[in-house]
Amino acid sequence: MTGQLRTVGDDGPAPCALCGGEAAGPCARCRSPVCGDCCVLTEGTAKLWAICLRCERRGGRSLSRSWSLVGAWLLVPLLGLAVVVAVIELVLRR
């Protein structure tokens with residue numbers, strides 16, 4: 001034992017998924033690490049997010065489609081529960 005900290009494996013910064021340079025953070029859509037040169041900022045949202053160039057070519061800079069999907073995941077179960085409650089109410093009234 002040397003009494004010093006030792007690194008195990010590669011403790012360096014993650015490489016960019018597109019160019020291999022030092023990544024600044026993950027893409028907001030695919031979560032792959034990207035550098036500042038290989039990403040664009042989102043448009044039309046309150047908070048800025050970085051999207052890799054690959055995702056930007058596929059779907060643009062907006063995250064509205066993703067937020068719509070989140071809204072659907074919340075609304076569909078609520079509408080299903082409302083239908084169940086309405087059916088139970090109709091059955092119990094007779």
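Here are some notes:
- Residues that are within 12 Å of residue 55 (Cα to Cα), surrounded by fewer than 18 Cβ atoms within 10 Å (Cβ to Cβ) and among the charged types (D, E, K, R), drawn from region 16-31: 31
- Condition met for residue 40 (surrounded by 14 or more Cβ atoms within 10 Å (Cβ to Cβ) and modelled with pLDDT under 90): yes
- Residue check, residue 7 at pLDDT below 85, in a loop (DSSP other than H, G, I, E, B), polar (S, T, N, Q) and surrounded by 13 or more Cβ atoms within 10 Å (Cβ to Cβ): no
- Restricting 93, 31 to those that are at pLDDT 85 or above and at positive phi reduces the list to 31.
The values are calculated or read from the model by the stated rules, or taken from the named source; none is laboratory data. Being a predicted model, the structure only gives us computed values, none of them experimental. All Cβ positions, even for glycine, are placed from backbone atoms using ideal geometry, and neighbour counts span all protein chains on display.
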